[in-house]
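Trainee: Okay, handing you the structure first.
Every read-out reported here was derived from the displayed coordinates using simple, explicitly stated rules and does not represent laboratory data. Note that the structure is a prediction, hence the values are computed from the model and not measured. Using ideal geometry, Cβ is built from the backbone for each residue, glycine included, and neighbour counts are taken over all protein chains shown.
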Amino acid sequence: MRRWMFFWFKLPRKDSDPDESFGRIAPGRMLAMIDRGAYWQCGCVIPKGGAEELRQKGIDAFRESIARLTPFLADRVDTLKDWTNVSLLTVQVNRLKKWSRPGLLCIGDAAHAMSPVGGVGVNLAIQDAVAAANLLGAKLRGNSLSDADVAVVQRRREFPTRVTQAIQLFIQNRVVRSVLAAEAPLALRLLNAMPLLRRLPARLMGLGVRPEHIET
Ligand SMILES: Cc1cc2nc3c(=O)[nH]c(=O)nc-3n(C[C@H](O)[C@H](O)[C@H](O)COP(=O)(O)OP(=O)(O)OC[C@H]3O[C@@H](n4cnc5c(N)ncnc54)[C@H](O)[C@@H]3O)c2cc1C
C-alpha cells in the first residue's frame with residue numbers, strides 16, 4: 001500500500017476560464033484542477049511531511065502560491081477564507097489479494113483503491129463491471145454460477161489493475177517527487193522532447209491496459 005497527501009479545495013469557475021481539466025507544474029509546486037462546471041476542484045500535491053509546514057506559513061502564503069502557479073485564479077483565491085476550506089487528503093493505492101469469497105465479489109475501488117493520478121479510477125471500475133457482466137451474466141441468469149466462475153473476474157482484471165497502479169505510482173513517486181524537489185524529471189524531459197512517446201501513456205491511461213466491451 002502507498003500513501004500520498006495533498007490539499008483538496010474548491011475555487012469558483014468563470015465562463016472565461018479554460019474549459020478543460022488540467023494540471024500546473026512549477027519547480028517545487030504542482031496543482032491539479034478538475035472542471036466541475038460551477039467550480040474547480042483543486043488538488044495541491046504536498047511533499048511528505050509538508051502539510052504542517054505549509055499551514056504554519058499561513059493561508060495568505062498558500063493563496064499566493066496558488067495565484068503564482070495559476071495566475072487566472074488570483075481574483076478568487078480569497079474565497080479560501082481559512083484552513084477549514086482546505087482539506088488534507090490522504091490517497092492510498094492498494095489491492096486485495098483475493099477479490100472474491102463465497103457470495104461476494106469486489107470490483108472497482110473495493111478490490112483496488114486507485115490514486116487520482118491520470119483520472120482513470122472510474123474507467124477501471126467500469127471496465128471491471130463490464131468484464132464481470134460478460135463473464136458471469138449468463139451463468140447468473142442460468143443459476144449455475146460457481147465460486148470458481150467468480151474468481152475468473154480477478155484473473156482477467158488484475159493484470160490491467162497492476163499495470164495502471166504501477167504507472168500511477170511511477171508518476172507519483174518519480175515525476176511528482178522530482179517536481180516537488182524542484183528538479184526536471186527525466187521522464188518529463190523525454191516526453192517533452194519526443195511527441196510520439198506521449199501517445200503511449202495517453203493511450204494506456206485513456207483507453208486502459210485491457211479495454212472491455214459489452215458482450216452480453
Ligand atoms: C481525491 C481523489 C480524486 C479522484 N479523481 C478521479 C478522477 O478525476 N477521475 C477518475 O477516474 N478517478 C478519480 N479518482 C479515483 C476514483 O474516485 C475511484 O477509482 C472510483 O470512484 C472507483 O469507483 P467505485 O465505483 O469502485 O467506488 P466509489 O466511487 O467509491 O463508489 C462506491 C460507492 O459505494 C457507496 N457505499 C459505500 N459503502 C456502502 C454501503 N455500506 N452501502 C451502500 N453504499 C455504500 C459509497 O458511498 C460510494 O458511492 C479519484 C480518487 C481520489 C481519492
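Trainee: Please list, by residue number, everything in region 106-131 whose backbone N is under 13 Å from a paramagnetic label point 7 Å out along Cα→Cβ of Leu140.
Mentor: The answer is 106-107, 128-131, whose backbone nitrogens lie closer than 13 Å to the label point.
Trainee: Let me ask something else about it. Rank these for me by crowding, Lys57, Lys10, going from fewest to most other beta carbons within 10 Å. Kindly include the intermediate steps, with their values, before the conclusion.
Mentor: Details: Lys57 12, Lys10 17.
Ranking Lys57, Lys10 by Cβ neighbours within 10 Å, fewest first, gives Lys57, Lys10.
Trainee: Moving on to the next point. What does the charge count near Ile66 come to, summing +1 for each Lys or Arg and -1 for each Asp or Glu among other residues with Cβ under 10 Å from its Cβ? Write out the running numbers ahead of the final one.
Mentor: Numbers: positive: Arg24, Arg29, Arg63, Arg68, Arg76; negative: Glu64.
Around Ile66, the surrounding residues sum to +4.
Trainee: So which lysines can Lys97 reach, going by Cα to Cα under 29 Å and dropping same-chain residues fewer than 8 places off?
Mentor: Candidates past the 8-residue exclusion: Lys48, Lys139.
Trainee: Treating cross-link reach as a plain straight distance, find the lysines whose alpha-carbon is under 18 Å from the alpha-carbon of Lys81, omitting any fewer than eight places away in the same chain.
Mentor: Lys10, Lys57
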